[in-house]
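Beneath this line is the structure, given in structure tokens, with notes to follow.
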Amino acid sequence: MSKRDPTGWMRAEYEALVAQSLDWKLRVLQGPSAPRSVVDGKRVIMLCSNNYLNLSNHPKVKRAAREAVKTHGAGSGSVRPIAGNMDLHEELERRIARFKRREAALFFMSGFAGNAGLIPQLAGEGDAILTDELNHGSIIDGVRLTKAQRVIYRHCDVGDLERALKEVDSWAKKILVITDGVFSMDGDIAPVGDIARVGEEFGAMIYVDDAHGEGVLGEGGRGVASHFQVEDKIQIELGTFSKALGVVGGYVAGSKDLRNYALNKSRTWLLSGSHPPAVAAACTAAIDVLETEPRHVKKLWSNTKYFKKRLVSMGFDIGRSATPITPVMLGDSATAKRFSDRLFEEGVFALPIVYPMVSKDRARIRNIVNAGLRREDLDEALVAYEKIGKELKVLA
């Protein structure tokens, strides 16, 4: 009998990643995620955090977390179906539903858990799922867990979606159309209004993952469905608190039927310990801040427009971005990595996005603009961009 090394393959796989420069090298955030942060001992301008509105540092959000620990302890002690369903969780779900103008909502451990746990319960054998080719990995994993027939339509191509709908209409018992609201690599916005219109013609369920849209788009930051004014035509909205709302945790919002169904069927919800009281309370406070202090969203967009305009005027290509996610397209992966390293040396923290996260000729630096950045912060970052762009011959 041969002597088998049960874990040696892990080292080989990792070393292969290292050899191709595809491994993640983690940097360490030392302190809060703020517009000016300390990373690996260096003070830098933060341009790669999803904390769009800087709410993770808002006094009301932090105070709510502290008070919840005093009144409810550090943890819930259970999954929600047994003994971990706290009044704070129920209150948060009511606030989510009211904010999203929905009948009901269900709070998950994360947006990823929402997609991975709910999608497999929405479609099965004999059903069809139509999914955008650039949808997030959590959607991809959720779809793979189903027994439904999967059809991938071209990115944001409503004509191709309509073609696919016609193909499955004759045999599918249920049709589920899934799209990101904002695509996290390019910062472009899905044509959710047209998707909803076409889907309605075929009686399809429309599922929008709005992780990067809420707090950014729509009336009062209500997201992409509000942006296109089709909230009544979207059956399922998935969101997260880990981005613009500054905390952590995911949710699905829709009808009472959706909540009741998901609560009883989704194993990532049923079998995960519930969020600590501090998290639930902080999430509720974040919604309160978003609703009562509109200046944060306004400042985010003011900063975004300024930053994009200056980059383009320098000669950088920012792709098809229409949101605070602002890629600087560089093409070559090695160039993107070198550019990011040089930015860090100049005091700007912005990471490269390279293959296999994007195609081999589409490497870029992905910047995410923050409402807490001052004009002088942006100007300092832009000076670094211009300097390095010329140094690496990206700019003439």
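The values are calculated or read from the model by the stated rules, or taken from the named source; none is laboratory data. Computed from a predicted structure; not experimentally measured. With ideal geometry, Cβ positions are generated from the backbone for all residues, glycine too; neighbour counts draw on all protein chains shown. These area figures cover heavy atoms from the full protein model, side chains too; ligands, DNA and RNA do not enter into them. Shrake-Rupley method; radii C 1.70, N 1.55, O 1.52, S 1.80 Å.
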Measure of size requested: the Rg and Dmax of the chain, with Cα atoms as the atom set and Å as the unit; please supply both.
21.8, 69
Given a 1.4 Å probe, how much area per residue of segment 73-201 is accessible, in Å²?
41
Roll a 1.4 angstrom probe over the protein heavy atoms and tell me the percent of accessible area of segment 228-375 that is carbon or sulfur.
52
Expressed in angstrom and ordered largest first, the alpha-carbon extents of segment 306-396 along the principal axes are 34, 27, 22
Neighbour-limited loop hits for chymotrypsin sites (Phe, Trp or Tyr not before Pro), segment 1-35 (at most 16 other Cβ within 10 Å; DSSP other than H, G, I, E, B):
TRP24
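Please report, in cubic angstrom per residue, the volume enclosed by the convex hull of the alpha-carbon atoms of segment 345-396.
Value for segment 345-396: 99 Å³ per residue.
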A student asked for the Cα radius of gyration and Dmax of segment 227-288 in angstrom ought to give 13.2, 36
Jot down the radius of gyration and Dmax of segment 244-355, Cα atoms only, both in angstrom.
20.0, 54
Between segment 1-15 and segment 302-351, how many Å separate their Cα centres?
40
Please give the charge dipole size of the chain, origin at the Cα centre, charges +1 on K and R Cβ atoms and -1 on D and E Cβ atoms. Round to the nearest 20 debye.
980
If N is the residue count of segment 18-107, its Cα Rg over 2.2 N^0.38 Å rounds to 1.51
Just how many pairs of Lys in segment 1-130 have C-alpha atoms closer than 27 Å, counting pairs that are eight or more places apart or on different chains?
6
How much mean residue ellipticity at 222 nm does the chain get from its helices, if each DSSP H run of length 4 or more adds -39500 (n - 2.57) and you divide by all residues, to the nearest 500 deg cm²/dmol?
-13000 deg cm²/dmol
Listed residues ARG259, ARG11, ARG197, ARG362 arranged by accessible area, highest first, probe 1.4 Å:
ARG11, ARG197, ARG362, ARG259
Accessible surface of segment 1-110, 1.4 Å probe, proportion on carbon and sulfur as whole %:
55
The alpha-carbon center of segment 277-293 and that of segment 107-131 are separated, in whole Å, by 26
Just reorder VAL208, VAL248 by solvent-accessible area, largest first, 1.4 Å probe, all chains present.
VAL248, VAL208
Please tell me the relative contact order of the chain in percent, rounded to the nearest whole number, where contacts are Cα pairs under 8 Å and at least six residues apart.
21
Solvent-accessible area per residue for segment 238-326 at a 1.4 Å probe radius, Å²?
40
Which loop-located GluC sites (Glu not before Pro) does segment 68-129 contain, where loop means any DSSP state but H, G, I, E or B and the Cβ has at most 13 other Cβ atoms within 10 Å?
GLU103, GLU125
Would you mind estimating how fast segment 106-233 diffuses translationally, via Stokes-Einstein at 25 °C and 0.890 mPa s with the Kirkwood radius over Cα pairs, in µm²/s?
168
Protein chains only, probe 1.4 Å: how do TRP171, TRP269 rank by accessible area, largest first?
TRP171, TRP269
